[in-house]
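Just so you know, all these numbers are worked out from the coordinates, no wet-lab data involved. Quick caveat, the model's predicted, so the values are computed rather than measured. For neighbour counting, all protein chains shown are included, and Cβ atoms are generated from backbone atoms with ideal geometry for every residue, glycine included.
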Amino acid sequence: MAIGVFDSGVGGLTVHRKLAERFPSADLVYLADQANAPYGGRPGEEIVELTRAGCDRLFDQGCDLVVLACNTASAIALRRLQQTWLPQRRRELARPVNVLGLIVPTIEAATGLPWEHEAERRGDKVEKLDILAVFATPATARSRVYEIEIDKRRQDVAVFVEPCPDLARMIEDNAGAVELAQAVETHVAQITARIGRAPDRAILGCTHYEIIADMFRAALKPGTPLIHQPDATAAALAGYLERHPEIDPGSDGLRRFLTTGRPGAQHDLVQTFWEGPLSFEPA
């Protein structure tokens, strides 16, 4: 068996790499739905259906567990799939398959609190707010998942979300460094203007953005901490596998990379991030 990692494109490679570091013996199968990338501008029902199809492909590849390494899929599709599709799919496959996302571990990292915790609502005025910026796709921004879930847990954290409509596509299409840096600088300037000052911390709320994390560091106020979703997801998965011994992650260290788009070598931006050649098989 294996762990599947699913994303609309190449952004999920950032999560894959952290999982490979954390679980070197696990078998990992990566699926990029590049034929339909990016998901951020699509209607909700399309996102749900594309995510379901991607999970099914990975179950067919022998994965017991699929990690949605995509904020848009996690925000829009995950709960629907867990509640309305997975129970029947488990019965059909006759094995304990599951799908997890990366928003829960990200919010746990941002708040320093477990997902189950909800803050007691008090009328006391918060003297000092921690300003948290979230850079995300339009679909993730529309879901308001970060504002809603963080507010449930921490009244002293104010969340501002900056939709970045074209950034994931630019990364997917191998845009040049100057063009990407200018886009990042524009989004940082826009959210800073809306807040009225520089944010205290930031979440790169699309795994594509991790590929250009250095550009966000350069555009943000020096020293601004970034909450890294790949690290949070790998740590959360370690705990999940300890609690669920019925999930078999494999033991041969297999690494496969599949795409619904054009198979073969990936472009320069991806290979620079990956620190070496990377080739995808047809899904």
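Numbers for the structure displayed
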{"read-out": "Calculated on alpha-carbon atoms, Rg and Dmax of region 105-228 in Å", "value": "14.8, 49"}
{"read-out": "Only Lys, Arg (+1) and Asp, Glu (-1) charged, at Cβ; region 105-228 dipole about Cα centre in debye", "value": "380 debye"}
{"read-out": "Under 11 Å from the Glu281 label point (7 Å along Cα→beta-carbon), backbone N, region 9-41", "value": "29-30"}
{"read-out": "Charged-residue dipole, Cβ positions (Lys, Arg, Asp, Glu), the chain about Cα centre, Debye nearest 20", "value": "540 debye"}
{"read-out": "Placed amide H near Leu278: partners under 5 Å, 5+ positions off or other chain", "value": "Gln266"}
{"read-out": "J(HN,Hα) series, region 33-40, from Karplus relation 6.51 cos²θ - 1.76 cosθ + 1.60, nearest Hz, glycine and proline x", "value": "8, 5, 5, 10, 6, x, 8, x"}
{"read-out": "Contour minus Cα-Cα distance for Gln83 and Ala193 (0.36 nm per residue)", "value": "35.7 nm"}
{"read-out": "Phe257 long-range amide H proximity, modeled H, under 5 Å", "value": "Tyr30, Glu281"}
{"read-out": "Estimated 222 nm signal from helices in the chain, with DSSP H stretches of n ≥ 4 weighted -39500 (n - 2.57), rounded to 500", "value": "-12500 deg cm²/dmol"}
{"read-out": "Rg and Dmax [Cα atoms of region 158-257; Å; Rg one decimal, Dmax integer]", "value": "17.1, 51"}
{"read-out": "Rough spin-label spacing in nm, given labels placed 7 Å along Cα→Cβ, for Lys221 and Asp268", "value": "3.5 nm"}
{"read-out": "Equivalent ellipsoid semi-axes - Cα gyration tensor, region 20-105, angstrom", "value": "20, 17, 12"}
{"read-out": "Label-to-label distance, nm, for residues given as Asp214 and Tyr240 (7 Å Cα→Cβ offset)", "value": "3.1 nm"}
{"read-out": "Rough spin-label spacing in nm, given labels placed 7 Å along Cα→Cβ, for Glu116 and Arg255", "value": "3.6 nm"}
{"read-out": "Computed Kirkwood radius, in angstrom, where 1/r is averaged over Cα pairs of the chain", "value": "19.2 Å"}
{"read-out": "Rel. contact order, % - alpha carbon contacts under 8 angstrom, at least six apart, the chain", "value": "27 percent"}
{"read-out": "Amide hydrogen neighbours beyond the local backbone of Val157, cut-off 5 Å, H modeled", "value": "Asp130"}
